[in-house]
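Chemist: Shown below is the structure under consideration.
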Amino acid sequence: MSTLRLFYALWPEPDLADTLSTWAAQAQPHSHGRPMRTETLHMTLAFLGSVEKEIADELIDATPYHRLQPGTVTLDRYGVFARPRILWAGPEQTPDSLQASHDGLWLWLSAFGFAPPTQPFRPHVTLLRNIERNDPPADAPPPVTWRYDRMVLVASESTDGGSRYRVVARSKPQP
Ligand code: 2AM
């Protein structure tokens with residue numbers, strides 16, 4: 001049976017992705033690890049895992065019609081997830097509007113048979129993988145505010161050079 005590994009994410013505009021790359025570069029002497037390529041930086045809203053092609057096609061068709069409330073999130077800190085050994089950028093406080101968008105997305109996804117995660121939403125942008133320290137750098141660069149008005153559905157494909165991300169659908173930007 002054919003499947004796609006899918007997730008929904010906010011994808012930064014190039015300027016913001018460049019800024020986040022500098023966050024990765026600034027943390028690297030401390031944390032070591034492997035920087036994410038600038039064009040792959042993102043914030044996951046919903047990780048779906050392996051999805052049957054039939055359902056994936058339904059999601060691809062429906063995604064443009066999902067209304068994501070526009071909002072902002074300020075990335076102001078580094079953090080670490082010790083087990084997957086990643087260093088990330090994220091907000092000290094999850095904005096209510098982002099939490100609501102996350103919850104609303106999962107409610108919408110339940111119509112396609114997906115169950116929401118049992119873990120709380122921890123919004124983050126992974127910057128470095130395979131880090132060598134469990135403490136993040138003490139000081140983050142100046143905070144950056146991310147204004148978003150749409151989300152993307154992304155297929156993650158394994159290649160010889162690691163994961164490759166392919167945007168397969170986009171929600172329509174909301175005014
Ligand atoms: P990460 O950056 O914290 O590793 C593609 O793999 C995207 O889906 C990444 O943003 C990744 O988060 C996220 N992801 C991968 N596996 C996941 C899981 N089991 N639960 C939640 N998010 C996951």
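Chemist: When the Cα centres of segment 17-56 and segment 108-127 are compared, how far apart do they sit, in Å?
Modeler: 16 Å
Chemist: On average, how much accessible surface per residue is there in segment 30-175, in Å², for a 1.4 Å probe, leaving out ligands, DNA and RNA? Can you show the working numbers first?
Modeler: Working: 8090 Å² over 146 residues.
On a per-residue basis, segment 30-175 sits at 55 Å².
Chemist: Ignoring ligands, DNA and RNA, what percent of the 1.4 Å accessible area of the chain is carbon and sulfur?
Modeler: Numbers: 4610 of 9610 Å².
Its accessible area is 48 percent carbon and sulfur atoms.
Chemist: Additional query: As a test of the formula, what do you get for the chain when each DSSP H run with n ≥ 4 contributes -39,500 (n - 2.57) and the sum is divided by the residue count, at 222 nm and rounded to the nearest 500 deg cm²/dmol? Display every interim value, and only then the final one.
Modeler: Numbers: 3 runs with 43 residues, N = 175.
Rounded to the nearest 500, it is -8000 deg cm²/dmol.
Chemist: Moving on to the next point. Using the 2.2 N^0.38 Å rule of thumb for compact globular proteins, work out how the chain stacks up: its C-alpha Rg over that value, please. If you can, show how the numbers build up before the last one.
Modeler: Details: Rg = 16.1 Å, N = 175, 2.2 N^0.38 = 15.7 Å.
That ratio works out to 1.03.
Chemist: Another question, if that's okay. Quick one: which residues, 5+ away or cross-chain, put their amide H under 5 Å from the amide H of H124? H built at 1.01 Å from N.
Modeler: Here T44 satisfy the definition.
Chemist: Could I have the simple spin-label model distance between D103 and D135, label points 7 Å from Cα toward Cβ, reported in nm to one decimal?
Modeler: 3.6 nm
Chemist: Also, I was wondering about something else. Could you order E54, E157 by accessible surface area, starting with the largest, using a probe radius of 1.4 Å? Please list the in-between numbers first.
Modeler: On the way: E54 140, E157 50 Å².
Largest to smallest exposure gives the sequence E54, E157.
Chemist: Using the 2.2 N^0.38 Å rule of thumb for compact globular proteins, work out how segment 12-53 stacks up: its C-alpha Rg over that value, please. Write out the running numbers ahead of the final one.
Modeler: Values: Rg = 13.4 Å, N = 42, 2.2 N^0.38 = 9.1 Å.
Dividing the Cα radius of gyration by 2.2 N^0.38 Å gives 1.47.
Chemist: Which residues' amide hydrogens lie under 5 Å from the amide hydrogen of A169, considering only partners 5 or more residues apart or on another chain, with H built in the peptide plane?
Modeler: For A169, whose amide H was placed from the backbone, the distant partners under 5 Å are L153.
Chemist: Among DSSP beta bridges whose residues both lie in the chain, state the antiparallel percentage, nearest 5.
Modeler: Values: 37 of 37 bridges.
In the chain, DSSP labels about 100 percent of beta bridges as antiparallel.
The values are calculated or read from the model by the stated rules, or taken from the named source; none is laboratory data. Predicted, not measured: the structure shown is a model, and the values here were computed from it. A quick note on method: Cβ atoms are made from the backbone with ideal geometry, for glycine too, and the neighbour counts reach across all protein chains shown. Keep in mind that these areas ignore ligands, DNA and RNA; they rest on the heavy atoms of the full protein, side chains included. Shrake-Rupley method; radii C 1.70, N 1.55, O 1.52, S 1.80 Å.
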